[in-house]
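*Asks:* Here it is, the structure in full.
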Amino acid sequence: MSNQNRSFTVAIVGATGAVGEVMLSILAERDFPVGKLVLLASARSAGTQVDFKGQKVDVLDLETFDPTGVDIALFSAGGSVSKEYAPKFAAAGAVVIDNSSTFRYDADVPLVVSEVNPHAAKNRPRGIIANPNCSTMQLMPVLAPIHREYGIERINVATYQSVSGAGRSGLEELGRQTAQLLAFQDIEPKKFQAQIAFNLIPHIDEFLANGYTKEEMKLVWETRKILEDDSIQVNPTAVRVPVFYGHSEAVNIETKKKISPEQARELLRAAPGVEVVDEHKAGGYPTPVTHASGRDPVFVGRIREDFSHPRGLNLWVVADNIRKGAALNAVQLAELVANGG
Ligand code: A2P
C-alpha cells in the first residue's frame with residue numbers, strides 16, 4: 001500500500017463516539033489523504049450526519065455495510081464490535097487499526113505506539129494492528145528512551161484516569177452527577193460502579209482472578225509487549241477520577257543503571273511526542289486541564305530522585321487520553337500504513 005500520492009478509503013467504526021469524533025478531527029487536522037470517508041455506527045445513529053472538512057457525511061449502519069474497497073478501518077466501538085467485524089474488514093482487504101483490547105495480546109497482532117515501536121506495524125499477518133490502552137500508551141514515549149539507555153527493571157504506577165476513557169456515557173455521568181449533587185439531589189450510578197462526582201473509584205474494567213483489575217493488567221501485558229522485554233516488572237493501580245479529559249500517572253521506576261533527574265530531563269526533552277514541564281514552582285508541572293486536554297504531546301514533570309532506592313526515579317505523566325491515548329495514535333498508525341509501513 002506504499003504510494004506517496006495515493007488517497008485512501010478510510011472507515012471509522014464508532015464514528016459517533018467520544019474517540020471516533022476525535023479520530024475524524026485528527027484525520028482532518030493532519031491532512032490524512034482521505035479519498036473516501038465511511039462513517040459507521042450502530043443502527044441508532046444511521047442516517048445522522050457528521051461534518052468532515054466542511055462537508056456533511058452520512059453515518060451508516062455497520063451491520064449492513066459491505067467493507068469491500070475499504071483500505072484502512074479505524075475501529076473504536078468496543079470489544080464485541082471489534083471481535084465480530086474487524087476480521088471481516090481485514091478479510092475484505094482493509095488494514096484494521098483497532099482501539100479495543102480484543103486482539104492486543106495475540107502474538108500475531110502487533111501492538112504499536114507510533115513513536116516507540118513503529119517497526120512492529122509492518123508485520124501484521126491478520127491485517128490487524130492493535131492500538132494500546134490509553135494508560136499504557138502515554139507511558140511508553142516517556143519510558144522507552146529511559147529503558148533503552150538505562151534499562152528499566154521495575155515500574156510502580158498509579159493512574160488517575162478521566163471519565164472520557166469510559167466513552168460518551170462516562171462524560172455524561174460525571175456532568176449529570178455533578179449538577180445533581182450541587183442541586184442537593186440524589187444520584188444513581190449507572191456507568192461507573194460508584195458515585196464518580198467528587199469521588200475516586202479504584203476499579204476500571206473487570207476484576208481478574210489475581211485480584212487486579214483488567215485495566216491494571218493491561219499495563220503489565222502491554223508494557224512488556226511494546227518494549228519487547230518480558231523481564232520488566234510492573235506494579236499497577238488504576239483509579240477513575242472525576243476529570244473529564246486527560247489521564248495522569250504517578251510513576252516510579254527502578255533502573256539497572258542509575259539515572260539522575262537531570263539525565264532524565266535531558267533524555268526526555270529529545271524524546272518524540274514528549275514535552276517536559278518540570279519547574280519547582282506553582283504551575284511548573286502538567287495537569288490534565290492546564291496542559292493535556294485537547295493537545296497532542298505526553299507531558300512529564302515532577303521528575304525527582306527516589307531517595308528510598310539507589311536507582312529509583314519518580315515522574316508525573318499526563319496526556320489527553322482521547323488524543324494520544326487513542327485517536328491520535330490510531331491516525332499515526334494509519335499514516336505509517338499509508339507510507340508503506
Ligand atoms: P452509536 O452512537 O450508534 O451508539 P463511546 O465509546 O463514546 O460510547 O462510543 C461508542 C461508539 O461505538 C459509538 O459510535 C457507537 O455508535 C458505536 N457502537 C456501539 N455499539 C455498536 C454496534 N453494535 N455496532 C456499531 N457501532 C456501535
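*Asks:* Only one residue in 88, 36, 83 is of a type outside the set (Val, Ile, Thr), open to solvent by 70 Å² or more (accessible area, probe 1.4 Å), within 16 Å of the ligand (Cβ to nearest atom) and in contact with a Phe, Trp or Tyr (Cβ under 9 Å, 6 or more places away or on another chain). Which one?
*Replies:* Working: 88 fails: in contact with a Phe, Trp or Tyr (Cβ under 9 Å, 6 or more places away or on another chain); 36 fails: within 16 Å of the ligand (Cβ to nearest atom).
Every option except 83 fails the conditions.
*Asks:* I'm trying to understand the selection: among the residues of the stretch 57-72, which are within 13 Å of the ligand (Cβ to nearest atom), closer than 24 Å to residue 169 by Cα and not acidic (Asp, Glu)?
*Replies:* Across the stretch 57-72, the qualifying residues are 59, 60, 62.
*Asks:* Please go through the stretch 151-174 and give me each residue that is open to solvent by 30 Å² or more (accessible area, probe 1.4 Å) and part of a helix (DSSP H, G or I), ordered by number.
*Replies:* Residues satisfying the conditions are 165, 168, 169, 172.
*Asks:* Does residue 101 count as surrounded by 14 or more Cβ atoms within 10 Å (Cβ to Cβ) and either within 22 Å of the chain's Cα centre (by Cα) or within 10 Å of the ligand (Cβ to nearest atom) (or both)? Steps first, answer last, please.
*Replies:* Working: surrounded by 14 or more Cβ atoms within 10 Å (Cβ to Cβ): yes; either within 22 Å of the chain's Cα centre (by Cα) or within 10 Å of the ligand (Cβ to nearest atom) (or both): yes.
Taking the combined requirement at face value, the residue satisfies it.
*Asks:* Tell me, yes or no, whether the stretch 40-59 has at least one residue that is part of a loop (DSSP other than H, G, I, E, B) and either in contact (Cβ under 8 Å) with a residue 60 or more places away in the chain or acidic (Asp, Glu) (or both).
*Replies:* As a first pass, look at the stretch 40-59 and keep what is part of a loop (DSSP other than H, G, I, E, B): 42-48, 53-54.
Next, only the ones that are either in contact (Cβ under 8 Å) with a residue 60 or more places away in the chain or acidic (Asp, Glu) (or both) stay: none.
Within the stretch 40-59, not a single residue is part of a loop (DSSP other than H, G, I, E, B) and either in contact (Cβ under 8 Å) with a residue 60 or more places away in the chain or acidic (Asp, Glu) (or both).
*Asks:* Then there's this: Looking at this structure, is residue 75 touching a residue at least 12 places away in the same chain (Cβ under 8 Å), buried (at least 22 other Cβ atoms within 10 Å of the Cβ), of a type in the set (Phe, Trp, Tyr) and near the ligand (Cβ under 10 Å from one of its atoms)?
*Replies:* On the way: touching a residue at least 12 places away in the same chain (Cβ under 8 Å): yes; buried (at least 22 other Cβ atoms within 10 Å of the Cβ): yes; of a type in the set (Phe, Trp, Tyr): yes; near the ligand (Cβ under 10 Å from one of its atoms): yes.
The answer is yes for residue 75.
*Asks:* Before we move on, is residue 236 more than 30 Å from residue 181 (Cα to Cα), in a strand (DSSP E or B) and touching a residue at least 40 places away in the same chain (Cβ under 8 Å)? Steps first, answer last, please.
*Replies:* Working: more than 30 Å from residue 181 (Cα to Cα): yes; in a strand (DSSP E or B): yes; touching a residue at least 40 places away in the same chain (Cβ under 8 Å): yes.
The answer is yes for residue 236.
*Asks:* If you go through the stretch 136-150 one residue at a time, do you hit one that is among the acidic types (Asp, Glu), more than 16 Å from the ligand (Cβ to nearest atom), open to solvent by 30 Å² or more (accessible area, probe 1.4 Å) and more than 22 Å from residue 326 (Cα to Cα)? Steps first, answer last, please.
*Replies:* First pass over the stretch 136-150, keeping only residues among the acidic types (Asp, Glu): 149.
Remaining after also requiring more than 16 Å from the ligand (Cβ to nearest atom): 149.
Retained after the next criterion (residues that are open to solvent by 30 Å² or more (accessible area, probe 1.4 Å)): 149.
Going one step further and asking which of them are more than 22 Å from residue 326 (Cα to Cα), we end up with 149.
Within the stretch 136-150 (the criterion being among the acidic types (Asp, Glu), more than 16 Å from the ligand (Cβ to nearest atom), open to solvent by 30 Å² or more (accessible area, probe 1.4 Å) and more than 22 Å from residue 326 (Cα to Cα)), the answer is yes, since at least one residue qualifies.
*Asks:* For residue 216, indicate whether it is in contact (Cβ under 8 Å) with a residue 24 or more places away in the chain and either crowded, with 17+ Cβ neighbours inside 10 Å or not in a loop (DSSP other than H, G, I, E, B) (or both). Steps first, please.
*Replies:* Numbers: in contact (Cβ under 8 Å) with a residue 24 or more places away in the chain: no; either crowded, with 17+ Cβ neighbours inside 10 Å or not in a loop (DSSP other than H, G, I, E, B) (or both): yes.
When the stated conditions are applied, residue 216 does not pass them.
*Asks:* Of the conditions (1) in contact with a Lys or Arg (Cβ under 7 Å, 6 or more places away or on another chain); (2) of a type outside the set (Lys, Arg); (3) within 16 Å of the ligand (Cβ to nearest atom), residue 109 satisfies every one except a single condition; which number is it?
*Replies:* It is condition (3) that residue 109 fails.
*Asks:* Would you say residue 281 is basic (Lys, Arg) and either in contact (Cβ under 8 Å) with a residue 40 or more places away in the chain or not in a loop (DSSP other than H, G, I, E, B) (or both)? Lay out the reasoning, then the answer.
*Replies:* On the way: basic (Lys, Arg): yes; either in contact (Cβ under 8 Å) with a residue 40 or more places away in the chain or not in a loop (DSSP other than H, G, I, E, B) (or both): no.
So residue 281 fails the test.
The values are calculated or read from the model by the stated rules, or taken from the named source; none is laboratory data. Computed from a predicted model, the values in this text were never measured in an experiment. Neighbour counts are summed over all protein chains in view; Cβ atoms, including those assigned to glycine, are modelled from backbone coordinates with ideal geometry. Accessible surface is based on the protein model in full, side chains and every heavy atom, while ligands, DNA and RNA are left aside. Shrake-Rupley method; radii C 1.70, N 1.55, O 1.52, S 1.80 Å.
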